Amino acid sequence: MRTIRIGLLGLGNVGSAVAEALRRNGNHFAVRTGAIPIVTRVAVKHIHKPRRITVDPDLLTDDAWRVLRDPGIDVIIEAIGGVEPAASYLTEALARGKHVVTANKQLVSIHGAHLRDLAASMDRVFAFEASVGAALPVIRVFTTHLVGDRVRSITAVINGTANFILSQMELGQSFARALAEAQARGLAEPDPADDVTGRDSAAKLAILTQLAFDAAVTVEQIVHQGIDAITAANIDRALAAGRRIRLLAVARRLNGSIGAGVFPASLPLDHPLARLDDEENGLLVHSDLAGELFVRGKGAGGVPTSSAILGDLASTVVAPTASRRALQKIDIVPLSTIEEDAAVVAEVEE
């Protein structure tokens, strides 16, 4: 067996889960891929900060550039979040001939096309399955399974924090208490603004829209409304009507354009996305050939995210090449509701 040497950027919630997953499942990974994964260096902000996992101090550095420029490292796993300096780090890694795996949705939504092209030019992999839906294999739906198909629409719940809060509010919890519980479980960031305002879902929808429709769309083009204005009264009225409120991310192929938006919606109980509980995410896709596809699973948390990251790591071993995907400039038409959800959106706006 050969060895695959890993440079890990970040040791927070996701980075720690990845390090622990490699420790626990490294032998299983090696048997299935023929490569032994070894974490060679770990870049952190504060070397002496207490952590929930034990890491060999000799692996730690507070200089990420040392990790990126280490000729002995084969793959960079980025788990620091944010757009910069992450974009500069990953550009450097790819330019130096390293594979890259990331869970960073903001980065991918803005710089994903450039990084994919750079990876292809270097015959390297830029993998980002974990950037949308944590453990759900939603990226592969578009990059592999539906490559020969024509996608008509995407309707998704792709923020586990928001779905957890809504689920807890259905059980009688206040918004504030449900959010605090999400943070205590590691499902929400200390600053949850992106999750509750819908911006996180908009960034993820931008990624899916790029892949599904080959559209050069950014997060800034996607109108978004979150759950921060949802009240207990909204929840109760929906339940009394046999419906559940969920934060939807929707993209549709229109005549020469793409309609896209993020907004809360009241769905009938038998709708696939209405059945999602707590931090579950779900993706509903309609295409010409496959018809309707539905994927669901845990969409938040370090451990589910680490599953997708290890899957992407395996792809650098099994099929270490990247493909180019030309994106077209297409008009993005704002969607703020879908027909059956007009009532709940009107309620929230009042």
Dipole magnitude of region 143-238 about its Cα centre (Cβ charges: Lys, Arg +1; Asp, Glu -1), debye to nearest 20: 260
Listed residues Ala180, Ala86, Ser121: farthest to the positive end of the dipole of region 31-183 (Cβ charges): Ala180
With only helices counted (DSSP H, runs n ≥ 4, each -39500 (n - 2.57)), the per-residue ellipticity at 222 nm for the chain, to the nearest 500, works out to -11500 deg cm²/dmol
Suppose every Lys and Arg Cβ carries +1 and every Asp and Glu Cβ carries -1, with no other charges. What dipole size does the chain come out with about its Cα centre, to the nearest 20 debye? 1220
Neighbourhood charge, 14 Å Cβ-Cβ cut-off, centred on Pro37 and excluding it, Lys, Arg +1 and Asp, Glu -1: +3
Set the bar at 26 Å for Cα to Cα. Now go through Lys49/Lys98; Lys49/Lys204; Lys45/Lys98; Lys49/Lys298 and name every pair that lies beyond it. Lys49/Lys98; Lys49/Lys204; Lys49/Lys298
Mind ranking 71-79, 83-91, 168-176, 8-16 by how tightly packed they are, going by the mean number of other C-beta atoms within 10 angstrom, highest first? 8-16, 71-79, 83-91, 168-176
Before anything else, pin down the relative contact order of the chain: Cα pairs under 8 Å, at least 6 apart, normalised by residue count, whole percent. 21
Going toward the positive end of the dipole of the chain, with +1 on Lys and Arg Cβ and -1 on Asp and Glu Cβ, which of Gly311, Ser201, Ser287 do you reach last? Gly311
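For the chain, what proportion of DSSP beta bridges, expressed in % and rounded to the nearest 5, is antiparallel?
On the way: 29 of 56 bridges.
Counting DSSP beta bridges with both partners in the chain, the antiparallel share is about 50 percent.
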If I model a spin label at Arg32 and Arg96 as a point 7 Å from the Cα along the Cα→Cβ vector, what separation in nanometres do I get? 2.9
Could you calculate the FRET efficiency of Arg152 with Thr54 from 1/(1 + (r/R0)^6), where r is the beta carbon distance between them and R0 is 56 Å, rounded to 0.05? 0.70
Can you pull the three principal axis extents for the Cα set of region 253-321, in Å, largest first? 41, 35, 21
Report the charge-dipole magnitude of region 82-226 in Debye, nearest 20, computed about the Cα centre from +1 at each Lys and Arg Cβ and -1 at each Asp and Glu Cβ. 320
Taking every other residue with Cβ under 13 Å from the Cβ of Asp62 and scoring Lys and Arg +1, Asp and Glu -1, one gets +3
Identify the residues of region 57-80 with backbone N under 18 Å of a label point that sits 7 angstrom from the Cα of Thr3 along the Cα-to-Cβ direction, or state none. 57-60, 67-77
Between Asp236 and Ser174, what length in nm is gained on full extension when 0.36 nm per residue of separation is reduced by their alpha carbon distance? 21.1 nm
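Readers should treat all values here as calculations from the given coordinates under stated rules, not as data from a laboratory. Fair warning: this is a prediction, and the values are worked out from it, not measured in the lab. Cβ: placed from backbone, ideal geometry, glycine included. Neighbour counts: every protein chain shown.
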